[in-house]
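The values are calculated or read from the model by the stated rules, or taken from the named source; none is laboratory data. Everything numeric in this text was worked out from a predicted model, so none of it was measured. All Cβ positions, even for glycine, are placed from backbone atoms using ideal geometry, and neighbour counts span all protein chains on display. Heads up: the accessible areas ignore ligands, DNA and RNA and are worked out on the full protein's heavy atoms, side chains in. Shrake-Rupley method; radii C 1.70, N 1.55, O 1.52, S 1.80 Å.
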Amino acid sequence: MLSALLLSLTLDVAMPVVAKQKQSLSLGMSCALTGPAQEIGKALKIGAQLYFDNHNRHSDTIINLTVLDDGYEPINTVANTHEFITQRKVDALFGYMGTPTTAAIVDLISKHQVPLLFPYSGAAFLRNLETSNVINLRTSYDDEAMAHAQYFKDRGVKSVGIVIQADEFGLEAGSSTLKALASKGLAVKQTARFRRNTQDLAIALKKLLPLRLDAIVLIGTYVPVAEFINTAAEQGQEPWFAAMSFTSESALRPHLKQSSRAIVTEVVADPNTCQQPLCDAFRRDFSAAGMSNANRLHFEGYLNAYAMTLIAEFCLQRQAPTSSCIAQNGALISSQDPQLATLFKLSKPVGENSYIVPLN
């Protein structure tokens, strides 16, 4: 009996400890890492990778993120998406940047039934039933436009102009802006367009500035938006300006040459001042990585990655078909997290679910 017990103990000591097998999930992200919109893509990538790296060091669920540059040009986004789906066989697409770029891949993701999570866009076509494999966290252009319209109305604005990037972003956000302004009884006196990834603003400036408008909505990336505001100031004009979160307050501010009456609506809290545990974790991780000057773009990428890990762990623990599990459960899992709901203002009514950031 004793010898049997000793043998059992010996075997227990001698038996190797079998480590729990790690499970992995692969993601593909297409964004601008070069070109005039690169500050947005780079910051989103940094924030997402920061969270995933920390998660992978302490978890049995490993998330592998591959990021490809599209320069904010749809033709490149399509090529990147083909590579992700057909060659890299990713489980999901994640954090794509832009409305024209995501518009270009809607048919692809529908055909291959690959989910797209947390695109950096407020477009309506990413929020309808026909693209149910798209999962959003950020608020819509309709919501941001309503915040602009209410802001103008509260300041006695009577006449408004709109400068629109001539692509799907301009089409979507421009339509949202027109509806919102009309709902507040604000008259649009003039609209003008310019080409994506350019500062070709001569026509827009010529059409709008002579009208001496009370306010101008600028729908574009940070470089042409800054150029328009700077030129207006040089000509002695100071209307109210409003831009959406895609423009990005942190990307726009360094390009402005002077104080202006401009606001940017943002969809996520300021990571430097917010008080949720995720805010503390972000600040700690950002500092530990040797980085400084954290902004909302970094934070949105970080929060997107956090939400992605919640979904990944849910699906991998259930050993369900990964892509279909993500598509079926991702929206509910991410929207029900209390910290994400607070930081993205998910439960706030339209017009109140954006953060208004003055640039003066």
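Test of understanding: what is the full-extension gain from LYS206 to LYS89, defined as 0.36 nm times their sequence separation minus their Cα-Cα distance?
37.2 nm
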(request) Could you give the C-alpha radius of gyration of the chain expressed as a fraction of 2.2 N^0.38 Å, taking N as the number of residues it contains? (result) 1.13
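In nm², what is the average projected area of the convex hull enclosing the Cα atoms of segment 138-236?
Its average projected convex-hull area is 6.0 nm².
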(request) Can you work out the accessible area per residue across segment 295-360, with the rest of the protein chains kept in place, probe 1.4 Å, in square angstrom? (result) 43 Å²
(request) Using only protein heavy atoms and a 1.4 Å probe, report how much of VAL350 is accessible, in Å² to the nearest 10. (result) 90 Å²
(message) Rounded to the nearest percent, how much of the accessible area of segment 56-100 (1.4 Å probe, protein heavy atoms only) is carbon and sulfur?
(response) 46 percent
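So if the hydrodynamic radius of segment 90-169 is defined as the Kirkwood radius over C-alpha pairs, what does Stokes-Einstein give as its diffusion coefficient at 37 °C and 0.692 mPa s, in µm² per second?
The estimated diffusion coefficient comes to 232 µm²/s.
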(request) For SER347 paired with ARG283, estimate the spin-label separation in nm (one decimal), with each label point 7 Å from Cα along the Cα-to-Cβ line. (result) 2.4 nm
(request) Mind ranking HIS148, HIS58 by accessible surface for me, highest first, 1.4 Å probe? (result) HIS58, HIS148
(request) Provide Rg and Dmax in Å for segment 212-360, with only Cα atoms included in the calculation. (result) 18.7, 63
(request) Could you check how much of the accessible area of segment 246-360 is carbon and sulfur, as a whole percent, using a 1.4 Å probe? (result) 49 percent
(message) Quick check: convex hull over the Cα atoms of segment 35-136, volume per residue in Å³, rounded to an integer?
(response) 100 Å³
(message) Can you find, among TYR96, GLN49, ASN80, the residue sitting farthest towards the positive end of the charge dipole of segment 36-107, where Lys and Arg contribute +1 and Asp and Glu -1 at Cβ?
(response) GLN49
(message) Between THR34 and LYS153, what's the calculated FRET efficiency when r is the beta-carbon distance and R0 is 35 Å? Round to 0.05.
(response) 0.30
(request) Mind checking which lysines have their Cα closer than 29 Å to the Cα of LYS179? Skip sequence neighbours fewer than 8 apart in that chain. (result) LYS153, LYS158, LYS189, LYS206, LYS207, LYS345, LYS348
(request) Can you list which of the trypsin sites (Lys or Arg not before Pro) found in segment 192-291 are DSSP loop residues with at most 14 other C-beta atoms within 10 Å? (result) ARG195, ARG212, LYS257
(request) Under a 10 Å cutoff between Cα atoms, tell me which one of THR77, THR34, THR309 has the largest fluctuation in the Gaussian network model of the chain. (result) THR34
(message) If I model a spin label at PHE125 and LYS179 as a point 7 Å from the Cα along the Cα→Cβ vector, what separation in nanometres do I get?
(response) 1.5 nm
(request) Identify unpaired cysteines across the chain, taking unpaired to mean no other cysteine Cβ lies under 4.7 Å from the residue's Cβ. (result) CYS31
(request) Obtain the nm distance between the two label points defined at HIS82 and GLU238 by a simple spin-label model: each point lies 7 Å from its Cα along the Cα-to-C-beta direction. (result) 5.3 nm
